[in-house]
Amino acid sequence: MAKILVIEGDKATLLDKTKFTLEGKLQDYLENYPSLIPLGEIVEGVPDLLCIGREVGIPSGAIDLLFIDEDGLLTIVETKLAKNPEARRTVVGQIIEYASYICGWTADKVYEVANAYLKSERAPQKYKNLSLYEAIQKLSGISPEAEGEFSAENFSNSIERNLRSGKMRLLIAVDELVEPLRATITFLNKNSNFDILLLSVKNFEESKTRKVLIPTLFGPVKPPTPPMEIWTEPKFLKKVEECEKDVAETIKRLLEFAKSNGTAEWGRGKTRGSFTFVRFKNEARISIFTLLSDGEIWLNFGVMWNRVSKETLELFRAELNGIPNINIPGDAVTRGTFPSIKVKALIEPSNLDKFENAVLSLCQKIEAEEQ
């Protein structure tokens, strides 16, 4: 039986390798100690992982563990034990099936799953009751003052971009590496666009008082995505000219509204420019909406969710829903999502007035809350 020697000062202890008897125990360790997934050993600078789901239900089953990093990249984890050879043979097809379903998600769905987990009893205490964005900030050591550089809107944009391109990590965690599975992983990585990794976690114990877990990661890890350029007003306006004339004019008016009543912070992106309408109160940054150069507006309930009272957000939602062709669902307030509307719904001057008045009314209520 394999052993490891642990030396502490003058004391040396041999620990015996112990097999996991339940997949749930291996899942527990990965959920509570994401650093057991040593991505940084393969590629330097890969962001840390945050667990955002356990037994995540989807139509074809339940994902054992779901993680995300500050690049908005999801990692799906399935665990299998060496004692179950049939499960080992089917796990590759299973995890690919899960990934194909997750690719149909939106950033809102990721937020919904993550926020529900972070409010549950399973969430680590230091992340408990935080929103997904706040938890990622805390995990990555990003201060609130740096929100302009790492904004919730850009984070959501990264999630959307990764989902649309099918970019994610698939990780099969086992207690023992077996060659057929390793060979399959090698083949898939040579012939597919996604990363599929194999993690072996060996468990060594000294009676019941001490455990040592040794992770070994096999497979490629792509380096972190370099940050995209921040857009500028001239570049944004040039891109806006590609829209229909009435849409372009409405976007320009909303930009002037943002500059006159708060701050227009320019976002990052490859093909779509954006700015976010931000208000500051007592040094707190509160982003209200993000306008993209193609005429889509994100309503940032997911940012305001933990910073503005639910009553105020519900009033804002009701005012928006008073505009024809706008229907913001209730879970924007209850779950903190990022619903979107089209600028086309605001082309009529009266509708645009209602939108701007709803935003100004929200700003006034936020200021009154913090007096």
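The values are calculated or read from the model by the stated rules, or taken from the named source; none is laboratory data. On a predicted model such as this, the values are computed, not experimentally measured, just so you know. Using ideal geometry, Cβ is built from the backbone for each residue, glycine included, and neighbour counts are taken over all protein chains shown.
Given ILE95, ILE63, which one is among the aliphatic types (A, V, I, L, M), surrounded by 14 or more Cβ atoms within 10 Å (Cβ to Cβ), touching a residue at least 24 places away in the same chain (Cβ under 8 Å) and part of a helix (DSSP H, G or I)?
Exactly one residue qualifies, and that residue is ILE95.
The single condition among (1) buried (at least 16 other Cβ atoms within 10 Å of the Cβ); (2) outside the structural domain of PRO180 (by TED's automatic domain parsing) that ALA116 does not satisfy is (1). Does ILE68 qualify as being among the hydrophobic types (A, V, I, L, M, F, W, C) and at pLDDT 90 or above? So ILE68 passes the test.
Say whether the condition of being crowded, with 21+ Cβ neighbours inside 10 Å, assigned to a strand (DSSP E or B) and either touching a Gly at 6+ places or on another chain (Cβ under 7 Å) or in contact (Cβ under 8 Å) with a residue 12 or more places away in the chain (or both) is met by at least one residue in the range 11-30.
No; the residues of the range 11-30 include none that is crowded, with 21+ Cβ neighbours inside 10 Å, assigned to a strand (DSSP E or B) and either touching a Gly at 6+ places or on another chain (Cβ under 7 Å) or in contact (Cβ under 8 Å) with a residue 12 or more places away in the chain (or both).
The one condition from (1) buried (at least 20 other Cβ atoms within 10 Å of the Cβ); (2) under 14 Å from CYS51 (Cα atoms); (3) modelled with pLDDT under 90 that LEU132 does not meet is (3).
Just one of the listed residues (PHE301, PHE338) is in contact (Cβ under 8 Å) with a residue 40 or more places away in the chain, in the same structural domain as LYS365 (by TED's automatic domain parsing) and within 18 Å of the chain's Cα centre (by Cα), namely PHE338. Which residue is surrounded by the fewest Cβ atoms within 10 Å (Cβ to Cβ), if the candidates are limited to the range 99-113 and must be touching a Ser or Thr at 6+ places or on another chain (Cβ under 7 Å) and of a type in the set (Ser, Thr, Tyr)? Per the criteria, the residue is TYR101.
Checking each residue in the range 321-365 for being at positive phi and part of a loop (DSSP other than H, G, I, E, B) picks out only ASN325.
Taken together, the residues in the range 36-60 that are assigned to a helix (DSSP H, G or I) and under 22 Å from VAL110 (Cβ atoms) amount to 1.
One line per residue, one yes/no per condition, for (1) at pLDDT 90 or above; (2) outside the structural domain of ASN203 (by TED's automatic domain parsing); (3) aliphatic (A, V, I, L, M):
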| site | (1), (2), (3) |
| --- | --- |
| LEU15 | no, no, yes |
| LEU30 | yes, no, yes |
| LEU39 | no, no, yes |
| THR75 | yes, no, no |
| ARG89 | no, no, no |
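Among the residues of this structure, ILE58 does not count as one that is among the β-branched types (Val, Ile, Thr), more than 23 Å from the chain's Cα centre (by Cα), more than 17 Å from LEU198 (Cβ to Cβ) and surrounded by fewer than 18 Cβ atoms within 10 Å (Cβ to Cβ). Scanning the range 267-304 for residues that are of a type in the set (A, V, I, L, M, F, W, C) and closer than 18 Å to GLU160 by Cβ yields PHE275, PHE289, LEU291, LEU292, ILE297, TRP298, LEU299, PHE301, VAL303.
Do we have LEU177 as touching a strand residue (DSSP E or B) at 6+ places or on another chain (Cβ under 8 Å), at pLDDT below 80 and among the aliphatic types (A, V, I, L, M) here?
Spelling it out, LEU177 is indeed touching a strand residue (DSSP E or B) at 6+ places or on another chain (Cβ under 8 Å), at pLDDT below 80 and among the aliphatic types (A, V, I, L, M).
When the range 82-122 is limited to residues that are of a type in the set (A, V, I, L, M) and in contact with a helix residue (DSSP H, G or I) (Cβ under 6 Å, 6 or more places away or on another chain), the one that is farthest from LEU30 (Cα to Cα) turns out to be ALA107. Checking the structure you have, find out if any residue of the range 72-80 is part of a helix (DSSP H, G or I), closer than 14 Å to GLN27 by Cβ and touching a residue at least 12 places away in the same chain (Cβ under 8 Å). No; the residues of the range 72-80 include none that is part of a helix (DSSP H, G or I), closer than 14 Å to GLN27 by Cβ and touching a residue at least 12 places away in the same chain (Cβ under 8 Å).
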